[in-house]
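Working notes, beginning with the structure itself.
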Amino acid sequence: MTVEALPRAGRRRAGWGVLAATAALLLYPWVFTGDFMERLGALVLLSAIAASAWNILGGFAGQISVGHAVFYGIGAYMPLLVYQLWQLPPIVGIPFAIAISLVVAIAIGFPTFRLLGHYFSMATIAVAELIRIVVSNWDFVGAAIGLMGPAVSRTVLDFSFKSSVPYYYLFLTVLALVLAVTWHLQRSRTGYYLRAIKAGERAARSLGVPVRRYKLYALLLSAAFTSVAGSLYALMIGFIDPDSGFGILVSVDMIIIAALGGAGTLFGPLLGAIILVPLREFTNAEFGGGGSGLTYILFGGIIMAISRFEPGGLMEIWNRIAGSRLGPRQRRHRSANRAA
């Protein structure tokens, strides 16, 4: 095999892998039937959307936000608030949620992006907790009780389905959109700038990269998609309260899922969701209310193991296995591509 043919062969194998994964996702509700399994599939895709949205900022730009629950909660509250106030279909609230999330992202980004490393992470936690406390005491948005959607479906625009299958395919469509945008971002100038920022802000700034501007771009895009994930959650569950919308565990879920699969990779968050969400749901089902505590103990153990032995996540392990199967010439070519 010639050097020129190697990239084409690699792309061909990757293309077949993507087609196989797409086929598996499309066929899942027809293979794994039953309420529990159908709902589990929908939750996997929803978590993958949220983690992929976080991954734009935390994975590609290296800005570890622990406050993304702010945007998730805004996205979850607005559709149900629109219904409560004006009896409109909840889906009408999604554009408003995105717009508010973008405004909040700008308000958060300008001051916090002056901070680096764990100081930035601590600031995002503080902002998220402050907003959760405000929402918990704000009667206009239901305070600690929360908000509910339509009890029964009035029209198809209410997106109130008895089965989880319609939600599954809706989530799959949105996930495909998020992954397509992320794939384009990877290959664009913005993607190269974000990777430079992740590698070292001072070095990136010395090379002429407008660091704060591109970090803000990443935050805006990440906030918009996280808001959409929150809206989809509210459409499916039909209820939201401060803890399920703005709680710190919402942010932690995104981080853990992306980190396990491989932060900064295209399919890492989806892989992490496929592993961790079933683990969470099965432990909750098996142990009832006490299962949530066990879930996060298991999550913590998994992340400690990954951090110790393979910080790049499962996608990096896969890349190593795939690389070990290559011949010397292919490995040299692959190393040259990574260096480039």
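Here are the numbers for the structure shown:
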read-out	value
Inter-centroid distance (Cα atoms) of the range 187-220 relative to the range 223-239, Å	28 Å
Cα-derived Rg over Rh, computed across the range 40-246 with Rh taken as Kirkwood radius	1.00
Sites A305 and W138, calculated FRET efficiency, Cβ-Cβ separation with R0 35 Å, nearest 0.05	0.30
Kyte-Doolittle at least -1.0, axis length at least 18 Å by Cα - qualifying DSSP helices, the chain	5-31, 35-55, 69-86, 93-112, 118-136, 165-187, 211-237, 248-261, 268-287, 291-309
Separation of the R213 and A20 label points, Cα + 7 Å toward Cβ, nm	4.4 nm
Helix-only [θ]222 nm of the chain, DSSP H runs n ≥ 4, -39500 (n - 2.57) each, per residue, nearest 500	-25000 deg cm²/dmol
Three-way shape call for the range 35-121 based on the alpha-carbon gyration tensor, with the a/c threshold at 1.5	oblate
GNM flexibility winner over the chain from Q87, Q63, Q186 (Cα, springs under 10 Å)	Q87
Alpha-carbon centroid distance for the pair the range 133-156 / the range 86-105, whole angstrom	14 Å
Overall form of the range 11-85 per C-alpha gyration tensor (a/c, 1.5; a/b vs b/c)	oblate
Longest exposed-site-free window of the chain, the sites being chymotrypsin sites (Phe, Trp or Tyr not before Pro) in a DSSP loop that have at most 16 other C-beta atoms within 10 Å	162-340
Inter-probe distance in nm under a simple model that places probes 7 Å from Cα toward Cβ, at L298 and A176	3.1 nm
Only Lys, Arg (+1) and Asp, Glu (-1) charged, at Cβ; the chain dipole about Cα centre in debye	2060 debye
Given 15 as the ceiling on other Cβ atoms within 10 Å, longest exposed-site-free region of the chain for trypsin sites (Lys or Arg not before Pro) in DSSP loops	163-324
Long-range HN-HN contacts of G149 with modeled amide H, under 5 Å	F239
Average silhouette area of the range 71-176, convex hull of alpha-carbon atoms, in square nanometres	8.4 nm²
Share of pairwise Cα separations in the range 126-181, more than 16 Å, in percent	66 percent
The chain - percent relative contact order, Cα under 8 Å, separation 6 or more	29 percent
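FYI, it's all coordinate maths here, none of it is from the lab. This one's a predicted model, so the numbers in the text were calculated from it and none came from an experiment. A quick note on method: Cβ atoms are made from the backbone with ideal geometry, for glycine too, and the neighbour counts reach across all protein chains shown.
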